[in-house]
Amino acid sequence: MAELPLADYARTLTGDIQTLAEAEDGSIPKTFTRWVLEQLEESGFVSNMTVAYHSGHGVMVYGFGYSDDRSVLDLYTTDFSLDPMADRLTKADVTRHFRRLLAFLQKASSIRGNFDQPTEVHQLCEGVEKLLANASKVRLFLFSNCESTARTQPEPTDFQGLPVEHHLWDLARLYRHQTSGAASEPIVVEFDPPISCLSVQSIEPNLSVTLAVVPGRHLAELYEEHRTRLLELNVRAFLQARSTVNRGIRLTLLNEPGRFLAYNNGITATATDAEFVEDAEGRRVGIRRLTGLQIVNGGQTTATLHHVFKRDKRDLAGVSVQMKLTLMSSDDLMKIVPSISRYSNTQNKVTLVDLSANDKFHVEFERISRTLWAPPTTAGGPQTRWFYERARGSYAVEEAKHTAVAARRKFKAETPAAQRFAKSDLAKFVNAWNGLPHLVSRGAQKNFAAFQDNVKKQPPVIDADYCRRTIAMGILFKAIDRVAKVHDAGSHKALITAYTTARLCEETGRRIDLDRIWREQKVSDAVVQAAHDLCPLVMDIVIQDGKHVTEWAKSSKCWEEVSCIPWTIPDELAEELLARPVEFAVDTREEEEEQLSRLKQIELSEWEMLADWARETRALELAEQQIATMIAAKLATNGTITAAQVRKALEVYDRAIEEGFSAFAP
Amino acid sequence: MIDEALWQELEVPQTNRGRSTRRLFPESGHDIHVGVSHPGRQRMLLVRGGSRAVDRARPLLVDLRETHGLSLSCNSVSNREFELQISLTAGELREVFTPLAEDIARTSKDASSETVLERAVRRFAYWQQLMRSVGSQGLGREARLGLYGELRYLRTHLLAALPTRAAVEAWTGPEGSNQDFQLPSVAIEVKTTAKKNASTVRIANERQLDDRGVGRLVLVHLALDERRGGLGESLNSVVDDIRAAADLASASALFESRLIQSGYLPHQRDLYDEPRYTLRRADLWAVDEGFPRIVETDLPNGVGNCAYDISVIALEKHRTTTEQVTEVIRGTDG
């Protein structure tokens, strides 16, 4: 009986895939492959995937993908059955599929020669060959809508010296993945032999704490396998690079591994489930298996162990790490982990701002801002980027990735340190613009908290426009900051800047053209002049004798008074103001509707032409071509197009136009 | 249709990597090409089909065995288009590849868009089967003997009586017809034996002597002496005789392709200089009223593939002569 839901799932899934393939006029296994990949991409297992099929004698492949840093090459293959409950994937099947994938890797270059460039299979071979040159690891994925009877995974092997991992996603695993609700599969760790532990009685009902000592090597291997997924809840994953702490950790590991346990504070971990070895009295004496393992503190230690293990090639013999393990239900996880992190911290200061590092808003903002190039400030000058430091130290991490001197210089030139801004800066810019200078004056932490609240209440649509305009606010803020400096605001400069900016924005009805500021990467003379006008007036109100300036500036009363300063917009500025306030889309649905209708205005045939054009000219990457094809298929069949797909498709469309595509070309 | 000249045209070196292709059957709705890759100069047959077609063909691919010198792969060209690529990977099969590609192309041409790839793969598998049955030792003793008999009859009796092209066309056995030779007026089944005193003739199935829709049917029984060395004639020499005749009549390609379908593969020619055969005796019988035989309509439902022996003695009153048969072949018997 327990199997019923799985059988149902298998039937539904198989039917859905067939319908989908029918609707899109796609081949069934290929459609299934794409479908699985979309699921896995969502939870971060795969990225940059391309679906393309080749099968020959002893060779079969359905596509490839790679990690963003191009160090991991993924190959996909699929076993799709029309009768998934009757068919079983045996160990021999699994082995055979993986062997065929590896065979493809071997033969890619000779296969490529038999196809012309615009074909998928040619691009598949070419893509794989290029990646192979730089990859440091190969992952083979097998997707199946049958259940696997294989008890064990194939042993990791190697391909021309590169380690090869096997990942099997059979029916049961897909089902778990789909139903677990969590964005990703929990990390499960087996300890063989079990590690001994000391369990501590807890008075909290759903929470127990266990102390244990983990072999350092085991931890390094775990990190190798799961990377940052292991540290998902750890806020300081990004803090490693510039910290001096891990240098110490590394030296200890290299020189005095035996003392590591004595010197290091160890790691704090959480898990949602554990299997213990119990002694005769039922006391927990060993840990055999952990489910949902997360290292919430000690990310630096873990990463450094990994570094020494991989880069310095030490076997970490004799290195032990103390582990404090908290078992709790997954519901409590999100609530309690930040507290554990905050309280257990004895190393770098973790601030509130750091703790919301993983909020969706900031992730999104970071992602989009990374794609934005600021226009050159001088004609023909270099284009630069504004660097949003979502987590403290990420600029340094990014910089350190460029190991070659030239590469680092290029990074510095493209991403000047002056153009990096942190989350607290972002909050400052936005709140000043929105007329909340008293909040800005309460300090970075409190201002940030207020900003977060607002974001939660009214989630803005984070798109390129939003990022550009927000950065423009920053440029405005910084320009006014320089004005305040000229007026000798001294130690109160921050307050004066916030108030002057706020009043200026308020008075102009937020009609200052942010897009222009972005385009020119500076504010106009009229704005600067107006700020010069306004600044002394603001100073008179904020800096009053007999008042404790910093406290006074924090009150809304102060803002009321500043708002009442008799001051009108100089004509020069008035002329260049926009007719209407700068708008930020908040209701995402409206925006999405708009994009969708734009997408639907583009004819089906035009998408098809675009796909053909892209294939022939190779102006777009294969993944992009496939998006165009997918949209055409969905339009033809009235399939649902998700908001993300709409956005991606329009991006592809715009890029194609940029690259010279025209549906009306002769 | 596909010939050496076409291949050589496609093989002209190109500056770019890629492949030169030529579409076959311009009138067909299917994309079927022959092509040559550059710079590897691999010859191939390319058959394209849509998603439905590939999903139908895919189960066959899984069980396909490997054949030395030939490879078959299936690839996605774009989201909805797939290509079957059959290529020649070893030079020794060069001559086999041309008729093979042509045969697969012809078979696929008439398929529906859903079955085009499936048909191509099935036909490929049929060729694999053929080549496997021939093996590296060439045709087995019985098969050689049978082929020699058919060719000898073709040369001696059909070529003498008919225009060369018509004679070669009449040799339909290699394509799997019920009798070895089929003409508008007559079908001829040739049985060859090397036994000393053959008193029976073995009939392979119930359709072999079925004269429905055939008009007349003639059974030819050749008794040969088979030995290594000696003054007899080898398989190769009868092949060469016919080749010489066919060449003049531009029936050469057809003859070569039928030869290959019989399992006489060009690169194995060396195997067929021995043994040599000498005709000891030829018997001809007209399969007519009262001829002892089993035909399909005689069999109870469910019985099939029925092989049986006929005693030669019982055939005496059906005996006919070469002259009579030749007249029938010529269509001049009235």
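No value in this document is a laboratory result; all are computed from the given coordinates. None of the values given here were measured: they were computed from a predicted structure. Reconstructed Cβ throughout: ideal geometry from the backbone, glycine too, with neighbour counts over all protein chains shown.
Some points to look at:
- If you wrap the Cα atoms of segment A:588-659 in a convex hull and average its projected area over all directions, you get 4.3 nm².
- The alpha-carbon positions of segment B:158-228 define a convex hull whose volume is 124 Å³ per residue.
- Our coupling estimate for segment B:251-257, obtained by passing each phi through the Karplus curve with A = 6.51, B = -1.76, C = 1.60 and θ = phi - 60°, is 9, 4, 4, 5, 4, 4, 5 Hz, Gly and Pro reported as x.
- Volume in Å³ per residue [convex hull over Cα atoms, computed for segment A:542-666]: 217
- Cα centroid of segment A:450-477 to Cα centroid of segment A:590-660, whole Å: 28
- Average Cα contact separation per residue, chain A, under 8 Å, 6 or more apart, as relative contact order %: 9
- Segment B:265-292 and segment B:16-50 have Cα centres lying 40 Å from one another.
- The Cα atoms of segment B:4-133 cover 36, 35, 24 Å along the three principal axes, with the biggest extent listed first.
- Paired Rg and Dmax values of segment B:63-116, which use every Cα atom, in angstrom: 12.7, 36
- Reachable lysines from residue A:493, criterion Cα separation under 27 angstrom, eight or more residues apart if same chain: A:349, A:423, A:428, A:446, A:478, A:485, A:522, A:547, A:554, A:557
- 0 to 90° range, to nearest 10: angle between helix A:216-226 axis and chain A longest Cα axis: 80
- Under 5 Å between amide hydrogens, built in the peptide plane, is the criterion, and for residue A:297 it picks out A:268 among residues at least 5 positions away or on other chains.
- Along the axis of the charge dipole computed for chain A (Cβ charges of +1 for Lys and Arg, -1 for Asp and Glu, origin at the Cα centre), the listed residues A:501, A:644, A:632 are led at the positive end by A:501.
- Estimated translational D of segment A:360-576 in µm²/s (Stokes, Kirkwood radius over Cα pairs; 37 °C; 0.692 mPa s): 181
- Amide H to amide H distances under 5 Å link residue A:119 with no residue, where only residues 5 or more positions off or on other chains count and H is placed in the peptide plane.
- Estimated purely from DSSP H runs of n ≥ 4, each contributing -39500 (n - 2.57), the mean residue ellipticity at 222 nm for chain A is -16000 deg cm²/dmol once divided by its residues.
- Phi to ³J(HN,Hα) by Karplus 6.51 cos²θ - 1.76 cosθ + 1.60 over segment B:39-52, Hz, x for Gly, Pro: x, x, 6, 8, 7, 8, 10, 10, 10, 9, x, x, 4, 4
- Percent RCO, i.e. relative contact order, over chain B, from Cα pairs under 8 Å lying at least 6 residues apart: 15
- Taken along its principal axes, the alpha carbon cloud of chain B reaches lengths of 69, 49, 38 Å, longest axis first.
- For the segment B:55-63, counting C-beta atoms of other chains within 10 Å of every residue's C-beta and taking the mean gives 3.
- Computed log₁₀ I(q)/I(0) - Debye formula, equal Cα scatterers, no solvent, segment A:3-179, q 0.09, 0.14, 0.15 Å⁻¹: -0.30, -0.73, -0.84
- Chain B: antiparallel DSSP beta bridges as a percent of all, rounded to 5: 85
- Dipole of the protein assembly as shown, positive end: most advanced residue of A:146, A:196, B:96 [Cβ charges, Cα centre]: A:196
- Antiparallel DSSP beta bridges within segment A:1-131, as percent of all bridges there, nearest 5: 100
- For chain B, the 222 nm mean residue ellipticity estimated from helices alone, with every DSSP H stretch of n ≥ 4 adding -39500 (n - 2.57) and the total spread over all residues, rounds to -10000 deg cm²/dmol.
- Nearest 10 degrees, 0 to 90: helix A:360-371 Cα axis against chain A principal axis: 90
- C-alpha center-to-center spacing [segment B:106-120, segment A:256-274] in angstrom: 65
- Amide N proximity, segment B:162-182 versus residue B:330 label position 7 Å along Cα-to-Cβ, cut-off under 15 Å: B:162-164
- Rounded to the nearest 20 debye, dipole of the protein assembly as shown from Cβ charges on Lys, Arg, Asp, Glu: 3120
- Dipole magnitude (debye, nearest 20) for chain B, charges at Cβ of Lys, Arg, Asp, Glu: 680
- Share of pairwise Cα separations in segment A:458-558, more than 18 Å, in percent: 49
- Label sites at residue A:409 and residue A:540, each approximated as a point 7 angstrom past Cα along Cα to Cβ, lie 5.3 nm apart.
- Ignoring lysines fewer than eight residues from residue A:91 along the same chain, the ones with Cα atoms less than 26 angstrom from its Cα are A:30, A:107, A:137.
- For residue B:234, nonlocal amide neighbours, meaning residues 5 or more places apart or on other chains whose placed amide H falls under 5 Å from its own, are B:277.
- Whole-Hz couplings from phi, Karplus 6.51/-1.76/1.60, listed for segment A:491-496; x for Gly and Pro: 5, 9, 3, 4, 5, 4
- Counted over the protein assembly as shown, the DSSP beta bridges are approximately 75% antiparallel.
- Quarter of the Cα convex hull surface for the protein assembly as shown, i.e. its orientation-mean projected area (nm²): 58.8
- Solution diffusion estimate, µm²/s, Stokes-Einstein, segment A:406-469, Kirkwood Rh from C-alpha pairs, 10 °C, viscosity 1.306 mPa s: 119
- Prolate is the label for segment B:141-331, because a/c, from the alpha-carbon gyration tensor with a ≥ b ≥ c as root eigenvalues, is 1.5 or above and a/b exceeds b/c.
- The mean count of C-beta atoms from other chains within 10 Å of the C-beta of residues in A:105-117, rounded to a whole number, is 4.
- Cα-centred dipole magnitude for segment B:72-151, charges only on beta-carbon of K, R (+1) and D, E (-1), debye, nearest 20: 160
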